[in-house]
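Data first, discussion second: the structure below is written as C-alpha cells.
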Amino acid sequence: MKKIRVVKMFAALVPAVLFVALAQAGAPMPEQSVQSLEGKQVRLPADLTPCPVLLVIGFTRASSTQTAAWSRRLAIHDACATGLVVYQVAMVEDIPAPFRGLAVRGMRKSVPAALHPRFLLIDAQTPQWRALAGYQDEDDAYLVLLDSDRKVLWRHAGALDPPAEAALQDAVAAAGAP
C-alpha cells in the first residue's frame, strides 16, 4: 500500500520538477498577448526590446513593495544602451473580475506615467509565469533576466539587497551587454 502511494506521488511530481528544471535550464519564455499599464497590447516575447530584458514580477499586492524598490533602483540602467531593459510585471489573474479594474486603476495612479509602457498586466497563464520565475513565496519580488533569445540567464527572489544587485550586474555583463 505504501509503495503504491510513493509511486503515485513520484509520478505526480516528475512533470512539475521537469517543467521547473527546463525553465531553469534556459527554456524560452512562453508566448502570450498582455496589456501594458498604458492600455496597449503587447505580444510576449515578440514585442520586447531586442536586448537583454529583466522582468520584475509580482504575484501579490504585498509583493509590490519589493517590486517597486527593485524597479526604482534599476530605472537608471533601463535602456538598451546600458545593456538592460526593465519590465515590471503584475499578475492580475487571481484578482476577482469585479475588483480587477479597481486594482489596475490603483496601479496606474501609483506607478509613474513614464513606466506605464513597460508595466505589464498578466491575466492568464499564472502557472507558466510561476515556473519561469522559480516561484516559492507569493509575497516576494521575482527577477528574471532573459537574453535576446528570451532564454533565462538569471533569477532572484526577494527584496533589493547589495549581493543580489551585484549578482544581477554580473549576469548582465555575462550576457554580453555593454
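The numbers here are math on the coordinates, done by the rules we state, and not lab data. Since the model is a prediction, treat every value here as computed from it, not as a measurement. As a convention, Cβ positions derive from the backbone with ideal geometry for all residues, glycine included, and neighbour counts pool all protein chains shown.
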Inset, instruction - Go through (1) of a type outside the set (A, V, I, L, M, F, W, C); (2) in a helix (DSSP H, G or I); (3) in contact (Cβ under 8 Å) with a residue 60 or more places away in the chain and name the single condition G101 misses. - result: (3)
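Here is a check on your reading of the model: is V104 in contact with an Asp or Glu (Cβ under 7 Å, 6 or more places away or on another chain) and closer than 21 Å to Q41 by Cβ? Show your work before the answer.
On the way: in contact with an Asp or Glu (Cβ under 7 Å, 6 or more places away or on another chain): no; closer than 21 Å to Q41 by Cβ: yes.
Spelling it out, it is not the case that V104 is in contact with an Asp or Glu (Cβ under 7 Å, 6 or more places away or on another chain) and closer than 21 Å to Q41 by Cβ.
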Inset, instruction - With respect to L48, determine if the residue is of a type in the set (A, V, I, L, M, F, W, C), within 15 Å of the chain's Cα centre (by Cα), under 22 Å from D139 (Cβ atoms) and crowded, with 17+ Cβ neighbours inside 10 Å. - result: no
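Residues are listed down the side, and each one gets a yes or a no for (1) within 18 Å of A79 (Cα to Cα); (2) in a loop (DSSP other than H, G, I, E, B); (3) under 13 Å from the mean Cα position of the chain (by Cα):
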| position | (1), (2), (3) |
| --- | --- |
| A131 | no, no, yes |
| Y135 | no, yes, yes |
| P163 | no, no, no |
| D170 | yes, no, no |
Legend entry - Every residue from segment 35-90 that is in a strand (DSSP E or B) and among the small types (G, A, S): S36, G58, A79, A90
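A quick yes/no check of all residues on (1) basic (K, R); (2) within 12 Å of L54 (Cα to Cα); (3) surrounded by fewer than 18 Cβ atoms within 10 Å (Cβ to Cβ):
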| residue | (1), (2), (3) |
| --- | --- |
| H116 | no, no, yes |
| L120 | no, no, no |
| T126 | no, no, yes |
| L132 | no, no, no |
| D140 | no, no, no |
| L145 | no, yes, no |
| D149 | no, no, yes |
| V152 | no, yes, no |
Inset, instruction - Determine which member of the set A69, A174, A81 is farther than 24 Å from S33 by Cβ, of a type in the set (G, A, S) and free of Cβ contacts under 8 Å to residues at least 24 places away in the same chain. - result: A174
Legend entry - segment 95-109, residues that are loosely packed, with under 10 Cβ neighbours inside 10 Å and within 18 Å of S71 (Cα to Cα): K109
